[in-house]
Each structure stands twice: as C-alpha cells, then as structure tokens.
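Rule-based calculations on the coordinates, nothing more; no lab input. Being a predicted model, the structure only gives us computed values, none of them experimental. In this analysis, Cβ positions are derived from the backbone assuming ideal geometry, glycine residues included, and neighbour counts consider all displayed protein chains.
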Amino acid sequence: MKKWSKIIFICIMLLLIYMPILILAVYSFTTSANIGSIHGWSLHNYVTLFTKDELRSMIVGTVLLAAGSALIATILGTLGAIGAFYSKKWASASINAMNEVPVVNADVVTGFSICILLIVAFGMSKDSYVPLVIGHVVLSAPFVYLSVVPKLKQMDSSLYEAALDLGATPFQGLTKVVIPQILPGIISGFALAVTLSLDDYFIATYTKPATFDTISTYVVNATKGSQTEIKTALWALSTVIFALVVIIVVAMNVAGRKKEVERL
C-alpha cells in the first residue's frame, strides 16, 4: 500500500510540474488565439516563429548573450573555485561565504545595483551591451562556482602537487591534471549559466539597450500587447525551448551513465 501511495504521489507531482507546458505545447499546434478551445490544427505558429524577423533577431540575440556571458562566467567561476580550493582554510571559507550572497540575493536587487554602479556611477552606456553582459556574468558565476567545488572536493588534492614534483609547470598542472578531473562540474556550470541567462528578466530590464530584447523581456512585453500572432508564436517558442532542454538533459544523463560503465 505504501508503495502505491508513493507512486501516486510522484505521478501527481509530475503532472503538476509538466501539465502546464504540455497544454501549451498542444495549443502551439492549433489555430486557436486563446487557450480554452481548439478550432483546428496548424504549424502556423512555428512558421511565424522562424520567419518573422523580429522574433528571429530576438532569439539569436538572446542565445548569443547567454552563450557569451556563460562562457565568461564559467571561466571566472572555475578559476575562483580552484583558487578557493587551494587556499588556506580561512581564505577558502571567506570566499565560500561571499559567493553565497549573490546566490540568495534577489535578482531585482542585483539588477538595480548593477544599473546604479555601472550606468549611473561609472557612466557606461546601455547601448554598449557591457552592463548587460556584466550583469549576466555576475548572476551566473556564483552558480558555476557551486557546480565546480564538489568536483574539486572529490578530486585527490595531491595530484596537482605530484604533477609539479614530476616537472610540470603550474599551467600544465592546471590544464592537464586539475581541469580534466573537474570537467563534468565545469560543463554542468556552463549549462546552468546558459539557463540562468535565458531565464533572467530583472537584470536584463535594468541593463539592456532600449532596442534589444531577451526572450524574457520580449515575452513580458508581448503579453501586454494585442498582437495575437506574436502571442501564439511564443507558445511555439516555449515548446521548442522545453524540447531542447529535455533532449540536452537526456543526452547528458546517457553520456554520464556511459562514462560510469566505462570506469567499471
């Protein structure tokens, strides 16, 4: 009885989590302008999504921003984690504590603070995209740090010193010994940084140029307007993003299991 109750509970939880996006995915293949009734089936929303210049430029810009800021955040977060790991206990504890602040801090506070510092105090122009990129790096780097630290703790800390004793330079020890050991954590951190950048709304709102929109800011603005064609195309966009996330997660899990089997 307990076994069945657990299964039912898990099914209900999964239903609550995935039902909204599944409903949205179904309606993305219809001609309906509103969710509530299905009048017919069509791929018009997907055609609009990939042919309308406004939507395509928004998607490309968002992806480039996410990839670029995630790359920078991954480098900074990884180097910070390695530096903290090989530091003295008090220094490592201080870095860990400081890294937790932006993680638990509200995005709206982070975005507004970056806007005040870079745009108001330093006079940076939003049109340069620098405040926007810095904002997304600040958002993502602490999470990369948290993804890499567990892999460092699983690694034998004496490997780096052993490589130096055998004649390797510090750079060689880092790139040929440490990085390969923590590579899964780095990849996970990069994927998380991309997701955070794609999902961000508040930081982008405060730091983006007036003529640029990310997916999040575009969706919020579009839902306030009266362009039905754009609104329904966003259903298709949400479905595509969800499908890509599922494919990536499955691929990463399959690759991880293959590596575990090879090790055994």
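Place a point 7 Å from the Cα of Ala93 along the Cα-to-Cβ direction; which residues of the range 125-162 have their backbone N under 20 Å from it?
146, 149-150, 153
What shape does the range 46-201 take by its C-alpha gyration tensor, where a ≥ b ≥ c are the square roots of the eigenvalues and a/c under 1.5 counts as rounded, a/b above b/c as prolate, and the rest as oblate?
On the way: a/c = 2.51, a/b = 1.69, b/c = 1.48.
Prolate shape, in that a/c is at least 1.5 and a/b is the bigger ratio.
Long-range amide H contacts for Thr30: which residues qualify at under 5 Å (H placed 1.01 Å from N, peptide plane, sequence gap of 5 or more or a different chain)?
Here the answer is Ser42, since their amide H atoms fall under 5 Å of that of Thr30.
Once you have all Cα-Cα distances for the chain, histogram them in 10 Å bins from zero and send the whole-percent values.
6, 22, 27, 24, 15, 5, 1, 0
Please compute the net charge surrounding Leu159, taking Lys and Arg as +1 and Asp and Glu as -1 over other residues with Cβ under 12 Å from its Cβ. Mind showing how you got there, number by number?
Details: positive: Lys176; negative: Asp156, Glu161, Asp165.
The answer is -2.
At 0.36 nm per residue, minus the direct Cα-Cα distance, what do Asp156 and Ala210 gain on full extension? Give it in nm, one decimal, please.
On the way: separation 54, 0.36 × 54 = 19.44 nm, distance 4.93 nm.
Length gained between Asp156 and Ala210: 14.5 nm.
Lysine pairs in the range 57-224 with alpha-carbon atoms under 22 Å apart, 8 or more places apart or on different chains: how many are there?
Values: Lys88/Lys151; Lys88/Lys153; Lys89/Lys151; Lys89/Lys153; Lys126/Lys208; Lys151/Lys176; Lys153/Lys176; Lys208/Lys224.
Count of close lysine pairs: 8.
Between Lys231 and Leu14, what's the calculated FRET efficiency when r is the beta-carbon distance and R0 is 22 Å? Round to 0.05.
Values: r = 28 Å, r/R0 = 1.25.
Calculated transfer efficiency: 0.20.
List the chymotrypsin sites (Phe, Trp or Tyr not before Pro) within the range 105-190 that fall in a DSSP loop (any state other than H, G, I, E or B) and whose Cβ has at most 14 other Cβ atoms within 10 Å. Working shown, then result.
Values: sites: Phe112, Phe122, Tyr129, Phe143, Tyr145, Tyr160, Phe171, Phe190; in loops: Phe122, Tyr129.
The qualifying sites are Phe122.
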